[in-house]
Amino acid sequence: MAMHASEIERLIKAQLPDAEVTIKALEGDGNHYAAHVTSKLFLGKTRVQQHKMVYEALGGRMGGVLHALALTTATRRTPDEFTTPSEEGEKAMSQQQIHDLIRKEISSNDIVLFMKGTKQSPQCGFSHQVAQILGRLGVNYKDINVLVDPNLRDGIKSYANWPTIPQLYVKGEFVGGCDIVSEMFQAGELQDLLTQKGVPTSAHPTTG
């Protein structure tokens, strides 16, 4: 059942009464939205904590009737609380810095999954599907939640020149997104790739 943007806004404001909520439908199916939420209640909270506050407001709808939500948050400040342009510039990371961080993660870990949410709590059906596949194969992997930072979410897309998330990397090589990973798994090709790359697995599920 599709979820209307007005219902998302109502739920968020019920939990965060002062919130300014901007919602944009991404695919027109009532399941994929982008939301920007600004609230004074975010003051002193980390970005992860801010996102959790919004997810809690939405109850158990994330990954259910609300298939995917590209979320950004900001703290509403009084005029004297705004940072100066120079301070804001110091906090912002360049695309090159983001790419360097991504490259470091990929080179430091055998398997890296850039996903929406975490392996324990995926925030997108596609991310959940890839995490399930890796879980069935019994491989150890680094999960990186792109929802905690818009710069990271955009940066991983430009790094791989790939428009969607999740993205799976094995031994520094970009394997693909959900569709490709699922196809490879069903064909046994993902298991073969892990073997070729020398990545140990602790499970050998049947495919088909």
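What is the gain in length, in nm to one decimal, between LEU193 and LEU101 on full extension, counting 0.36 nm per residue of separation less the C-alpha to C-alpha distance?
Going from the current span to full extension adds 30.6 nm.
If amide hydrogens are placed 1.01 Å from N in the peptide plane, which non-local residues have theirs closer than 5 Å to the one on THR73?
HN-HN under 5 Å from THR73: VAL37.
For region 95-196, what does the relative contact order come out to in percent, with C-alpha contacts under 8 Å and a separation of six or more?
With pairs under 8 Å counted, the relative contact order is 32 percent.
In what sequence do SER182, SER202, SER39 fall when counting other Cβ within 10 Å, fewest first?
Going from sparsest to densest Cβ surroundings: SER202, SER182, SER39.
Could you pull out the pairs from LYS24/LYS119; LYS142/LYS171; LYS45/LYS104; LYS52/LYS157; LYS104/LYS157 whose alpha carbons sit more than 18 Å apart here?
LYS24/LYS119; LYS45/LYS104; LYS52/LYS157
Between region 144-158 and region 166-183, what's the alpha-carbon centroid distance in Å?
The distance from the Cα centre of region 144-158 to that of region 166-183 comes to 16 Å.
How high is the FRET efficiency from LEU41 to ASP149, r the C-beta distance, R0 30 Å, rounded to 0.05?
That gives a FRET efficiency of 0.90.
I'd like the antiparallel share, as a percent to the nearest 5, of DSSP beta bridges with both residues in region 95-196.
Working: 8 of 12 bridges.
In region 95-196, DSSP labels about 65 percent of beta bridges as antiparallel.
FYI, it's all coordinate maths here, none of it is from the lab. A quick note: this is a predicted structure, and the numbers were derived from the prediction, not measured. Ideal geometry is used to build each Cβ from the backbone, glycine not excepted, and the neighbour counts take in all protein chains shown.
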